[in-house]
Each structure stands twice: as structure tokens, then as C-alpha cells.
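Let me begin by presenting the structure, written as C-alpha cells, before commenting on it.
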Amino acid sequence: MTLQGARERWVRTGGVELCVAELGDEAQPTVVLVHGYPDSKEVWSEVAARLAERFHVVLYDVRGHGRSTAPRPLRGGFTLEKLTDDFLAVADAVSPDRPVHLVGHDWGSVQAWEFTTVKRTEGRIASFTSMSGPSLDHFGHWIKKRVSHPTPRRVGQLLGQGAKSWYVYLLHTPVLPELAWRGPLGTQWPKILRRLEKVPAGDYPTPSLPTDAAHGAWLYRDNVRARLRRPRTDAYAHAPVQLVTPLGDTFLSEKLCDELERWAPQLVRRTLPAKHWIPRTRPDQLTAWITEFVTAVEGGRPTPVTDGPYADRFGGQLVLVTGAGSGIGRATAFAFAEAGARVVAVDRDAESAARTAELSRLIGAPEAWAETVDVSDEQAMEKLAEKVAAEYGVVDVLVNNAGIGLSGSFFDTTTEDWRNVLDVNLWGVIHGCRLFGKQMTERGQGGHIVNTASAAAYLPSKALPAYSTSKAAVLMLSECLRAELAGQGIGVSAICPGFINTGITSTARFTGVDADEEKRRQKKSARLYGLRNYPPEKVADAVLRAVVRNQAVVPVTAEARGGRLMSRFTPRALRAIARMEPPL
């Protein structure tokens, strides 16, 4: 695989020749991407192509990898000091007059921490984005603190990271890693990655892989033990740092970075549900975060504007909420906006949707848009999905929240009543999942779908046959989708609120009664829900928490949680309660 349209040059330093590739406009800020082990610069191709639309992007093969030459002898040729020499040579060649923005993954991040914390690079680095690679100095202090002041929690963290670092011990053994890489491991590596992380086999060039990996073993041998034993005490970052933590990293515990603010005072944290090789599996999200961070630093703002709850998780993500004009939908849009997400507020009431988008921007959303659609209209939803993908991008989080209420006995509920409820409450969810969920799967970078069901989904009621049926269907649809999409990194959650104080009570229809009686019941329901006074903001909090934790079914409110337990363990009692409901 090659970097399409890249300009190549060779940089000589310390007895090696480094292969350097450049993309984008050289007049723009320079972003230098440093790859990890056992990769080459091509691991960045997806991210580099996207960043090149805004920046001057530079990638280079680390010494001994890809098309760069290896030092001779290998022993002592991969020290952090020599890697720093390489970086400075590249930076001087591609951006002699301006500091560069540094991005590192895996061992690229390990060495970039060195670049960002040593005195001789001050003024050459404008910002640093780190992912899946700690500073060896910081790691050394982390270990020493847990050894010298052990507690059960610290010992558990130490043992946990020790288990994740099994490969480090093997790479320190003589000859064995080289034999393994030049043998079956080298030929099977692309297949292993495809199984572990859904990385396409073509993403890792195989011709030079065994040699690269054999050379790269010296990255560990030349640096790890020496630095962990005697970590520097002055390893403070002299540039703003953005830390991107994949929560499913096979090799690194997120606890490694618990005390990172000590070493990086200008620190921005980001998290995402992914495994180790995020340059390949999450290029869109990384591009968005790098672009936001570099732009902020260039503009004199080293940290994002928003610092609300879950900002590390949702900052810059695209979230679409249906039924966003009021109630739970509006509260959910606001919660994501506060977390720094870009918000698409969808409602059939254009004015309400526009108001939600406007307020979302004021709250903290970097961008927010309003779209008008009836979720029950399949063609309208198809047009919406096409427009959103074309103008805003593929949705990262979809919240199918739009719904209507209907109360009345089964025999008072007409065919038209059933059709209206199912069209909005069920088919609206189906349309959203089918259209936006398909875009998520085709992109192949994960995502999350949230479907608003109800406690009525599992609580039988002779007053709500149509509404309860629609919500029970949403709950089961969510469970089925969750099973189907799990292997593609897409989570699905069903939110089941109880009695929430929203406007749905005053707009819900009551069958089998005249207009005056319907208005009376609407007022009565609104008054009762008002007395319960459970705000929609708490449901919105549950939505964000469900996405972060990838929860399957989330009952909200005490009655919803109690009903869920009874439906599972004492269903006969629930049926008895349903029979004792007062007449309509």
C-alpha cells in the first residue's frame, strides 16, 4: 500500500537515511505522524489523507522500518536519544521556520513523549497528540509509586499492566523475536490483526514486515529497562498534549495515565471504544480530534472550549437525535452538546428543532443543525440520511427518540390509531436504525444506536395496549440489533423511562372518549406526571451513560427499575397488578 499523491524525500541523520513522505499544502501548519511497532508510515495513510485537506502532513519511516535504513550495529542504534535526533532532522527538513504538531501511536507515541519532554526540542513542537504509547519516564515513576507505596488498588493496577505487557518480556529475549518474525509470525501477522481488530489484511505491507519487526525489537532492548529503572525527574511536556485513549487497548491499561496531569499541565483527554490500532480502525474520529486540537493551538486556545461531562468521550462526535424539539429529545441534544458533540436536532416541528440547535450551540456544541422530518415517512427519512451523510458526515451516535402517546382499551383503539402509533414509535425507529445504522456499518468505524423504549415495554397495562406493544417491539428490536452489530463495534441500547415530566402527557391521545373528556384526561396526566416531577435531563444523563458503558437495557426512574426486576422474577404479580388497574 502506498500513500497516494505523496511527495518523497530522504533525510540523512546519524548514519541512517529516513524515507519521508509529505501531503498537503506546505504553507499550512505541519503535522508530523510517527508510527509504532511493528508498523511503517503507511499505518497512517487513512488519517494522513484526511488531515492533508487542512494541513501539511509529514510521515516518515522510523529507522530500521519501511524504506528507511537500519543503523549498524543494531544494538544501541535505537535509543531514544538517536530517535530524537531523527525527529529533529525531519522537522528541520520539512518545517525549518515553524514548530510542528506531533502525533504518535504506539512506539511512535513513546518516542514522541521523549521529543516533547527534552530541552533540546523546545520551540520545535507546537502540540503533541499521544495514543497508545506512554512516556517511559512517566511509566517508570508510575511503577515505582506502586512498588514503594502499595495498596490493594495499586497492586491490582500493577499486576494488570504487567499481564498486558507480556510481549515486552519476550522481545527482550535474544534471537527468539527475530526468529519468530522471520518465521510464521511475520507471514500471519496481517491475519492476526484482522481477527483481533478487524483491520483489513491489505493495511499492513508484508514484504518488509519481518525485517522491520526484527529491527524494532531493539526499540525495547535499548530503552525499556534502562528508563524504567532510572526514569527522568524532569520529563515535563513543554507543549500542549492531547491524550487519546482506546478503552479496549489490549496492551495498555488506561490507569497508566491517571496521574498524567503532573507531567503535562496543558492536557486534553479523549477516549473512544476501540482497540489498539486506532489509526486504522478509527481514522475519522482521530482526524476530527487532531484537527480540532491543532486548530485550537494555532489559534492560541490549547484546550477545547467545552469541559462538560463526558467531553473526553463525545467531543467532536456527530450525534443525531430525533424528537429533539422538546422533552427527552431536547434534553438529550443538550447533554451531548455540553459534552462537545456536534448535534443534528431532528423534529417534525421545524421551529422547535431550530430552537434546540440554536441552544445546543450556546451550550457547547461546536456545530449544531436543525432538520425537519416525520420519522414515520420512509422516503423523507431516506432523504434525511443522504443529506446528513453528504453535509455533516456519518453519524457516530444515533438517538431514535421520537414517539407519541396513546391511551385506551384495546377495543376502543381503532386500526388507524394502531397504525399511527406503530408508524412513529416502531417504524420511526426501524427507519433510523436501518438508514443510519447501515451508514455506520459501511464506514466500519463503530458507533452507537440508542432507541427510546419505555418501562411500558415490559409492564402490561390494559390502558396502554398500543403504546406498550410499540415500545416492547422497540426493546426487542434493540436486543436483536445489539447481537447483530456487536462484531462491528456498534453498540445498541434501549432506554426505558418511567414517569417523566415532559410534554408528551399533554399531547397523548385517549381513545373511546369525546374531545372534552380527552382534554380532561390529558390535564390529569400532566398534573400527575408533574407531581412525580422526574426531569428529562436525568433521562438524557442515562442516555450518555448508556453509550459510554455500552449498556443493553437501561430502566430510568425507580418504578422502571422495579418493574424491570418484577418482569424478570415475578411476572405473575405484574399481571395481577394489570388486572387491578382502575377503569379507564
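Of note:
- In order along segment 443-455, the phi-based Karplus estimate (6.51 cos²θ - 1.76 cosθ + 1.60, θ = phi - 60°) of 3J(HN,Hα) comes to 5, x, 10, x, x, 8, 10, 10, 10, 7, 9, 5, 4 Hz; Gly and Pro are listed as x.
- Positive dipole terminus of the chain, leading residue within GLN379, MET566, ALA463 (C-beta point charges): MET566
- Extent along principal axes [Cα atoms of segment 7-298; Å; largest to smallest]: 53, 45, 36
- Tilt relative to the chain, helix 350-363 - C-alpha long axis, 0 to 90 degrees, to 10: 40 degrees
- Relative to the longest principal axis of the Cα atoms of the chain, helix 515-532 runs at roughly 50 degrees.
- Assuming charge only on the beta carbon of Lys and Arg (+1) and of Asp and Glu (-1), the dipole of the chain about its Cα centre is about 2360 debye to the nearest 20.
- Rounded to 5, the percent of DSSP beta bridges in segment 7-298 classed as antiparallel: 30 percent
- If R0 equals 56 Å, the separation of the Cβ atoms of CYS480 and GLN4 corresponds to a calculated FRET efficiency of about 0.90.
- Those residues of segment 66-109 whose amide nitrogen sits under 13 Å from the label point placed on ARG120, 7 Å along Cα→Cβ: 79-90
- Once backbone amide H atoms are built at 1.01 Å from N, VAL268 has VAL241, GLN242, LEU243 as its partners under 5 Å, excluding neighbours fewer than 5 places away on the same chain.
- Remark on ALA126: its backbone amide H falls under 5 Å from those of VAL100, HIS101, LEU102, a criterion applied only to residues 5 or more positions apart or on other chains, H modelled at 1.01 Å from N.
- Shown in residue order for segment 30-43 are the 3J(HN,Hα) couplings computed by the Karplus curve 6.51 cos²θ - 1.76 cosθ + 1.60 at θ = phi - 60°: 8, 10, 9, 9, 10, 7, x, 10, x, 8, 10, 4, 5, 4 Hz (x for Gly and Pro).
- Farthest toward positive dipole pole in segment 1-118 [+1 Lys/Arg, -1 Asp/Glu at C-beta], among THR30, PRO73, LEU3: PRO73
- Alpha-carbon spread of segment 1-138, three principal axes, descending order, Å: 39, 29, 28
- Between GLN28 and GLU367, the FRET efficiency from the beta-carbon distance, with R0 = 22 Å, is close to 0.55.
- Distant-in-sequence amide H partners of VAL450 (H built 1.01 Å from N, under 5 Å): LEU398, VAL399, ASN400, SER493
- Gained length - ARG182 relative to ASP234, 0.36 nm times residue gap less alpha-carbon distance: 14.8 nm
- Couplings 3J(HN,Hα) for segment 77-86, derived from phi with the Karplus relation 6.51 cos²θ - 1.76 cosθ + 1.60 (θ = phi - 60°), are x, 10, 5, 4, 5, 6, 5, 5, 4, 4 Hz, where x marks Gly and Pro.
- Dipole of segment 7-298, positive direction: furthest Cα of LEU252, VAL62, PRO150, with charges on the beta-carbon: PRO150
- Cβ-Cβ distance of SER409 and LEU247, R₀ of 51 Å, FRET efficiency by 1/(1 + (r/R0)^6): the value works out to about 0.60.
- The ranking of THR129, THR452, THR322 by Cβ neighbour count inside 10 Å, starting from the fewest, reads THR129, THR452, THR322.
- Taking the C-alpha atoms only, the angle from helix 378-391 to the longest principal axis of the chain is near 30 degrees.
- Note on ALA558 and GLU254: their simple-model spin labels are 3.1 nm apart, each label 7 Å out from Cα toward Cβ.
- The DSSP beta bridges internal to the chain are antiparallel in roughly 15% of cases.
- When the convex hull of its Cα atoms is viewed from all sides, the chain shows a mean projected area of 29.2 nm².
Any read-out appearing in this document is the output of simple, stated calculations on the displayed coordinates, not a laboratory observation. Since the model is a prediction, treat every value here as computed from it, not as a measurement. Counting neighbours? That spans all protein chains shown, and the Cβs are built from the backbone with ideal geometry, glycine included.
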